[in-house]
Number of protein chains: 4
Amino acid sequence: MKPIIAVVGGSTASPEVYAAAREVGQEVASAGAVLITGGLGGVMEAASQGAKEKGGTVVGILPGFSRKDANPYVDIPIVTGLGDGRNMLIVQTAQAVIALPGEYGTLSEIAFALKIGRPVVSLGSWKVSADIIQAKTAKEAVREVMKRIGKPHP
Amino acid sequence: MKPIIAVVGGSTASPEVYAAAREVGQEVASAGAVLITGGLGGVMEAASQGAKEKGGTVVGILPGFSRKDANPYVDIPIVTGLGDGRNMLIVQTAQAVIALPGEYGTLSEIAFALKIGRPVVSLGSWKVSADIIQAKTAKEAVREVMKRIGKPHP
Amino acid sequence: MKPIIAVVGGSTASPEVYAAAREVGQEVASAGAVLITGGLGGVMEAASQGAKEKGGTVVGILPGFSRKDANPYVDIPIVTGLGDGRNMLIVQTAQAVIALPGEYGTLSEIAFALKIGRPVVSLGSWKVSADIIQAKTAKEAVREVMKRIGKPHP
Amino acid sequence: MKPIIAVVGGSTASPEVYAAAREVGQEVASAGAVLITGGLGGVMEAASQGAKEKGGTVVGILPGFSRKDANPYVDIPIVTGLGDGRNMLIVQTAQAVIALPGEYGTLSEIAFALKIGRPVVSLGSWKVSADIIQAKTAKEAVREVMKRIGKPHP
């Protein structure tokens with residue numbers, strides 16, 4: 001099994017955040033990891049697009065009851081019907097989490113990841129704990145998560 | 001149906017925090033609301049004890065698969081088997097949330113409550129957003145939540 | 001903590017089934033147990049009405065995101081947002097299950113109850129296993145479940 | 001997105017059932033569909049092995065909190081922590097379900113699939129409804145499901 005890396009962040013994204021999330025997705029795929037997101041738009045879509053551009057596999061953990069809710073870059077849509085409760089599945093399934101800007105949903109994912117001991121790397125996201133690793137670039141963010149899960153990637 | 005107020009916080013509590021949570025539970029019951037917690041120890045147990053002392057009803061949303069996990073003050077143990085995912089049910093079921101000191105689990109509950117628009121009153125808990133109402137005493141915390149849900153209590 | 005008994009069945013009910021479910025609810029309350037249902041109409045509402053008529057407590061495990069979905073006899077609405085996944089919580093929370101006529105949702109609840117070892121008493125519901133106890137009247141159904149959970153009721 | 005087909009059945013399997021499930025997995029992969037199962041042993045493992053033998057992709061929706069619970073043929077382990085509640089996610093995520101012999105857990109998956117309108121093809125599994133399509137061979141089972149989801153496979 002390949003490692004699975006989560007990218008979390010807002011369901012809408014500014015052009016800058018979209019570009020950053022896309023680059024994170026590219027790096028995740030290049031590092032040989034599967035990308036997992038909440039399957040919708042904004043940061044989730046940007047990261048998924050990036051991962052597909054590098055030949056990666058994209059899992060989307062959808063909140064609703066239809067696979068049609070997935071953004072066009074999702075390979076494996078998981079239809080949970082759990083609403084925001086699906087955030088927990090994203091974090092549990094990933095070996096580490098990269099957080100981009102987002103609102104309270106993103107904060108809940110960061111909090112839950114910290115609670116269950118998943119490494120969290122932030123690229124411009126919530127700064128609520130010294131346990132969150134701060135990164136400045138997409139490359140650095142992915143390098144940090146791969147190092148933390150014992151799969152170093154240059 | 002009576003209003004339902006959630007009290008969230010750590011599963012262990014210092015004597016000071018325990019006393020504060022117990023008083024919050026007493027006030028919730030005195031205000032005519034049902035108390036809902038995660039059903040375990042620490043802040044959850046303290047608030048439940050307080051609510052029972054004032055003749056209130058206590059619902060415990062348990063993470064595991066056995067009602068025996070509930071603290072002794074729970075009237076209605078809901079056995080979810082959802083692990084920490086049960087936090088979402090606590091917040092969704094309550095009309096408002098009172099947060100006491102706790103760690104990342106508490107933070108995830110606060111974040112989720114803010115996400116779905118439940119008023120959050122903090123009594124010494126995480127200060128991560130201006131949307132959180134800060135209270136200084138148990139009485140003030142309960143007065144604030146009852147006011148926000150349109151059931152003012154003196 | 002009082003025992004909790006689940007009543008499951010269709011969300012619509014013929015007058016005969018409604019009357020039977022209502023009597024089951026009355027008997028559950030008279031036996032000193034809390035009633036738990038899926039909180040909506042049909043069999044769920046009938047049993048809830050019966051339980052309230054005898055001064056019982058009624059828990060409704062709602063599939064959606066609003067307490068307003070509950071039938072008027074629910075005291076404690078639990079807002080799960082889990083869709084039909086909430087069926088599992090009903091069965092896990094109850095010490096035993098009484099099944100009335102219903103469709104595939106009811107069958108899934110019976111199957112899940114049998115899987116986790118909850119006694120299932122059927123009053124005109126699915127006959128898919130010899131592990132299901134068949135009852136002919138509401139009184140008999142409640143007597144059977146109370147006996148199985150070690151709380152005999154005449 | 002490729003179609004996703006669920007295979008459900010017991011977590012232990014006789015040699016005959018194991019062989020049948022493995023052949024079903026092979027056929028699912030050959031038909032160009034992703035296989036989804038509960039990720040554990042028995043029928044789930046057999047189908048997963050078969051799918052991998054034909055170069056398919058295998059998703060395992062795990063009940064617990066660790067990816068290590070997955071059988072060795074799972075490519076994408078989804079860590080739900082939902083216990084048997086994860087059965088619902090399997091059925092919701094799939095466009096159709098093939099049921100092999102199993103006990104009450106399998107029955108709950110069949111019931112839930114029928115409830116939400118997923119075609120169910122049985123290969124020696126529970127016969128509780130005329131809505132279940134009966135198949136005699138692995139090939140026939142997969143041909144039936146692919147036909148029902150509008151992706152005919154010879």
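The values are calculated or read from the model by the stated rules, or taken from the named source; none is laboratory data. If you're wondering where the values come from, they're calculated on a predicted model, not measured in any experiment. Quick reminder, even Gly has a Cβ in these numbers, built from the backbone with ideal geometry, and neighbours come from all protein chains shown. Surface accessibility is based on the protein's heavy atoms, side chains included, excluding ligands, DNA and RNA. Shrake-Rupley method; radii C 1.70, N 1.55, O 1.52, S 1.80 Å.
Things worth noting here:
- Residue in segment B:30-53 that is in contact with a Phe, Trp or Tyr (Cβ under 8 Å, 6 or more places away or on another chain) and hydroxyl-bearing (Ser, Thr, Tyr) present: yes
The rows are residues; the columns are (1) in a loop (DSSP other than H, G, I, E, B); (2) surrounded by 21 or more Cβ atoms within 10 Å (Cβ to Cβ); (3) within 14 Å of chain C (Cβ to nearest Cβ); (4) over 15 Å from the mean Cα position of the chain (by Cα).
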{"residue": "D:41", "(1), (2), (3), (4)": "yes, no, no, no"}
{"residue": "D:47", "(1), (2), (3), (4)": "no, yes, no, no"}
{"residue": "D:50", "(1), (2), (3), (4)": "no, yes, no, no"}
{"residue": "D:61", "(1), (2), (3), (4)": "no, yes, yes, no"}
{"residue": "D:68", "(1), (2), (3), (4)": "no, no, no, yes"}
{"residue": "D:107", "(1), (2), (3), (4)": "no, yes, yes, no"}
{"residue": "D:117", "(1), (2), (3), (4)": "yes, no, yes, yes"}
{"residue": "D:140", "(1), (2), (3), (4)": "no, no, no, no"}
{"residue": "D:151", "(1), (2), (3), (4)": "yes, no, no, yes"}
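- Of all the listed residues (D:57, D:12), the sole one being of a type in the set (S, T, N, Q) and touching a helix residue (DSSP H, G or I) at 6+ places or on another chain (Cβ under 8 Å) is D:57.
- Candidate set: segment D:70-96, residues that are within 14 Å of the chain's Cα centre (by Cα) and of a type in the set (Val, Ile, Thr); chosen: the one nearest to the other protein chains (Cβ to nearest Cβ): D:93
- Checking each residue in segment B:85-102 for being farther than 14 Å from residue A:84 by Cα and touching a helix residue (DSSP H, G or I) at 6+ places or on another chain (Cβ under 7 Å) picks out B:96, B:97, B:98, B:99, B:100, B:101, B:102.
- Candidate set: segment A:1-31, residues that are open to solvent by 60 Å² or more (accessible area, probe 1.4 Å) and within 14 Å of chain D (Cβ to nearest Cβ); chosen: the one farthest from the chain's Cα centre (by Cα): A:1
- Note on segment D:15-70: residues that are more than 23 Å from residue A:61 (Cα to Cα) and at pLDDT below 95 amount to 0.
- Residue B:79 satisfies every condition listed in (1) open to solvent by 10 Å² or more (accessible area, probe 1.4 Å); (2) more than 24 Å from residue B:16 (Cα to Cα); (3) without any contact (Cβ under 8 Å) to a residue 24 or more places away in the chain except (1).
- Lone qualifier among C:127, C:136 - being surrounded by fewer than 23 Cβ atoms within 10 Å (Cβ to Cβ), away from chain D (no Cβ under 14 Å) and basic (Lys, Arg): C:136
- Boolean, residue C:57 is surrounded by fewer than 24 Cβ atoms within 10 Å (Cβ to Cβ) and within 14 Å of another protein chain (Cβ to nearest Cβ): yes
- All positions within segment D:119-135 that are part of a loop (DSSP other than H, G, I, E, B) and within 13 Å of the chain's Cα centre (by Cα): D:119, D:123, D:125
- Residue under evaluation residue C:101, criteria (1) within 12 Å of chain D (Cβ to nearest Cβ); (2) open to solvent by 20 Å² or more (accessible area, probe 1.4 Å), criterion not met: (1)
- Sub-6 Å Cβ pairs linking a first residue in segment A:85-99 that is in a helix (DSSP H, G or I) to a second residue that is hydroxyl-bearing (Ser, Thr, Tyr), at least 6 apart or interchain, are A:86/A:80; A:87/A:108; A:89/D:80, ordered by first then second residue.
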